[in-house]
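Working notes for the structure below.
The values are calculated or read from the model by the stated rules, or taken from the named source; none is laboratory data. This one's a predicted model, so the numbers in the text were calculated from it and none came from an experiment. Note that each Cβ is placed from the backbone with ideal geometry, even for glycine, and that neighbours are counted across all protein chains shown. For the accessible areas, the whole protein counts, side chains as well, though only heavy atoms, and no ligand, DNA or RNA atoms are used. Shrake-Rupley method; radii C 1.70, N 1.55, O 1.52, S 1.80 Å.
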Amino acid sequence: MAKATRRRFSAEYKLKVLRAAEACTQPGAIGALLRREGLYSSNVTTWRAQRRTGELGGLAPKRRGPVPTAQNPLAAKVVALEREMTRYKARAERAEALVDLQKKVAEFLGSELQRNGGKG
């Protein structure tokens, strides 16, 4: 069995059906139009409301899924600056550790030199 799929109507088709419905002047003509096109009266009612409110997006196929959030233009710059700051902090910590090591080596060698009487 074939799986049923949701029908999708293009904006052009919706506008064409609305124009045809408005052109109907005889009693029962709109019903005949709906039967011929395989539509329900609620389709026409919804499309009229969308056109009246100016929802052009309502006449075009809607994208499914979550609405993308607007990106802050400064967010990328903030992320880049935070990365750079982290890199500089790590570099500063390495430099401080190196200075501490040099101080310890100088103290050790200074005490060795004093103990040996200045002889190398």
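With point charges of +1 on the Cβ of Lys and Arg and -1 on the Cβ of Asp and Glu, referenced to the Cα centre of the chain, which listed residue (Gln50, Ala95, Gly31) lies farthest in the positive direction of the dipole? Checked the options; the winner is Gly31.
From the coordinates of this entry, Cα extents along the principal axes in Å is computed, and it appears in (1) 50, 31, 23; (2) 122, 40, 17; (3) 70, 41, 24 under the label (2). Taking every C-alpha pair closer than 8 Å and separated by at least 6 residues, the mean separation divided by the residue count of the chain gives a relative contact order of 21 percent.
Calculated FRET efficiency, Gln71 to Arg6, Cβ-Cβ distance, R0 = 25 Å: about 0.20 to the nearest 0.05.
Using a Gaussian network model of the chain in which every pair of alpha carbons under 10 angstrom is joined by a spring, one finds that among Gly54, Gly31, Gly110 the greatest mean-square fluctuation is at Gly110. Ligands, DNA and RNA left out, the accessible area of the chain computed with a 1.4 Å probe is 58% carbon and sulfur. Accessible area per residue for the chain, computed on protein heavy atoms with a 1.4 Å probe, is 89 Å². Here the spin labels are modelled as points 7 Å beyond Cα on the Cα-Cβ line, and at Ala20 and Met85 they lie 6.3 nm apart.
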